[in-house]
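Here's the structure, in structure tokens; my notes come after.
The values are calculated or read from the model by the stated rules, or taken from the named source; none is laboratory data. Keep in mind the model is a prediction, meaning the values are calculated, not measured. Cβ placement follows ideal geometry from the backbone for every residue including glycine, while neighbour counts extend to all protein chains displayed. To get the accessible areas, we keep the full protein, side chains included, count just its heavy atoms, and leave off ligands, DNA and RNA. Shrake-Rupley method; radii C 1.70, N 1.55, O 1.52, S 1.80 Å.
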Amino acid sequence: MLEFYGQKLASRLLLGTALYPSPAVMAEAVKASGTEIVTVSLRRETSGGKAGGQFWSLVQSLGVRVLPNTAGCHSVSEAVTTARMAREVFGTDWIKLEVIGNHDTLQPDVFGLVEAARILASEGFEVFPYTTDDLIVAERLLDAGCRLLMPWCAPIGSARGPQNPDALRSLRGHFPGIPLIVDAGIGRPSHAAAVMELGYDAVLLNTAVAKAGDPVAMAAAFGTAVEAGREAYCAGLLEPRDMAVPSTPVIGMAAFS
Amino acid sequence: MKLTVNGQAHEVAAETLAALLRELDFQGSWLATALNGDVVPAGERDRCRLADGDRIEILSPMKGG
């Protein structure tokens with residue numbers, strides 16, 4: 001069974017809580033997806049605590065685990081401080097660690113990421129690092145104390161799907177016992193199924209559901225796609241072949257001339 | 001005392017972080033605070049004394065991806 005830091009999970013889909021048309025639609029999408037983990041953030045409170053309180057009450061009513069993020073942090077110190085504040089507010093050692101390196105691509109600053117991961121792991125955090133698909137960075141993150149990895153498959157919110165399946169396949173091959181979650185870049189259920197077919201353990205996404213025409217229906221579609229991809233991987237996929245191979249028996253064909 | 005709270009200038013009478021939250025009407029067990037970049041846990045806000053020019057962040061749960 002799937003485990004993140006000792007926590008057993010039935011669903012292989014993690015869902016973000018941002019960008020939905022309304023909080024009610026977000027709540028319905030979470031239910032429809034079947035997810036057991038949603039991502040949340042910390043931001044400056046502007047209304048005496050009321051806005052944050054309402055959101056937090058809604059999330060707590062969903063009965064799912066929360067994975068706080070350090071989204072938007074561009075330095076190690078920002079990310080570490082945000083993680084410490086998140087631990088106090090959300091009451092979890094889990095942290096989705098983001099150290100952003102570039103405003104345009106939102107790609108991780110992998111050097112800062114490894115440094116922040118080391119600090120947080122030493123403080124007892126259970127780090128979910130948002131990283132690239134670079135093998136050596138992945139090794140450094142594991143050395144730093146991470147026990148799972150969250151490589152992107154394309155830039156955040158780009159909906160492009162797997163841009164470098166070979167790199168994802170390489171990570172899977174090198175770390176057979178480490179939970180691997182594709183985080184960022186998924187646009188369609190077929191993208192989610194494709195990375196699950198590579199043997200990935202789970203998928204984290206937000207925009208593709210939240211910005212769909214019908215977010216609740218799309219959440220359900222992603223839930224189904226993730227399961228289908230996983231079942232296909234476990235069933236053993238046929239490898240591509242260079243030549244056609246007939247599926248209907250060739251022996252026993254009638255001779256008409 | 002002049003402080004910067006969530007990026008905005010404030011002139012306040014409060015001398016501790018706990019008093020500042022009361023003065024600015026911030027309430028809720030879900031609030032997180034930091035003073036000059038360091039986390040101040042809820043239980044330490046009463047003892048956390050403020051000084052002119054301090055930077056305070058008051059954060060709260062928010063949607064996220």
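Compared with the dominant principal axis of the Cα atoms in chain A, helix A:50-61 is inclined by about 40°.
Within the listed set B:ASP54, B:ASP46, B:ASP25, the residue fluctuating most in the Gaussian network model of chain B (springs between alpha-carbon atoms under 10 angstrom) is B:ASP25.
In this label model, A:ARG44 and A:LEU142 are separated by 4.1 nm, measuring between points 7 Å along each Cα→Cβ vector. Identify the residues of the range A:27-51 with backbone N under 20 Å of a label point that sits 7 angstrom from the Cα of B:GLU23 along the Cα-to-Cβ direction, or state none. Output list for this probe position: A:45-49. In this structure B:TRP30 has an accessible area near 60 Å², from a 1.4 Å probe over the protein heavy atoms.
Overall shape of the range A:96-140 was characterised from the C-alpha gyration tensor. The equivalent ellipsoid obtained from it has semi-axes of 18, 12, 8 Å, in decreasing order.
Here the range A:15-83 was treated as a single set of alpha-carbon atoms; its pair distances binned every 10 Å from 0 give 18, 48, 29, 5 percent.
Report the gain in length on full extension from A:ARG160 to A:ASP93: 0.36 nm times residue separation, minus Cα-Cα distance, nm rounded to one decimal. Each step should come with its number before you reach the end.
Values: separation 67, 0.36 × 67 = 24.12 nm, distance 3.15 nm.
Gain on extension, A:ARG160 to A:ASP93, equals 21.0 nm.
Accessible surface for the protein assembly as shown, divided over its residues, is 47 Å² per residue with a 1.4 Å probe.
Across all Cα atoms of chain B, the radius of gyration (one decimal) and Dmax (whole number) stand at 11.4, 38 Å. Altogether, the Stokes-Einstein calculation at 37 °C and 0.692 mPa s, with the Kirkwood radius of chain A over Cα pairs as Rh, returns a diffusion coefficient of 171 µm²/s.
Normalised by 2.2 N^0.38 Å, with N the number of residues, the alpha-carbon radius of gyration of the range A:31-119 equals 1.16. Normalised by residue count, the range A:182-245 yields a Cα convex hull volume of 101 Å³ per residue. Take the Kirkwood radius over Cα pairs of the range A:66-210, plug it into Stokes-Einstein at 37 °C and 0.692 mPa s, and you get 219 µm²/s for translational diffusion. Chain A contacts chain B over a buried accessible area of about 2200 Å², both sides summed; the probe is 1.4 Å and only protein chains count. Using a probe radius of 1.4 angstrom, the carbon and sulfur fraction of the accessible surface of the protein assembly as shown is 52%.
Keeping all protein chains in place and using 1.4 angstrom, which order do A:CYS73, A:CYS234 fall into by accessible surface area, from largest down? If you can, show how the numbers build up before the last one.
Details: A:CYS73 10, A:CYS234 90 Å².
Largest to smallest exposure gives the sequence A:CYS234, A:CYS73.
Contact residues in the range B:30-65 (at least 40 Å² less accessible area with all protein chains than alone, 1.4 Å probe): B:TRP30, B:ALA32, B:VAL39, B:LEU59, B:SER60, B:PRO61, B:MET62, B:LYS63, B:GLY64, B:GLY65.
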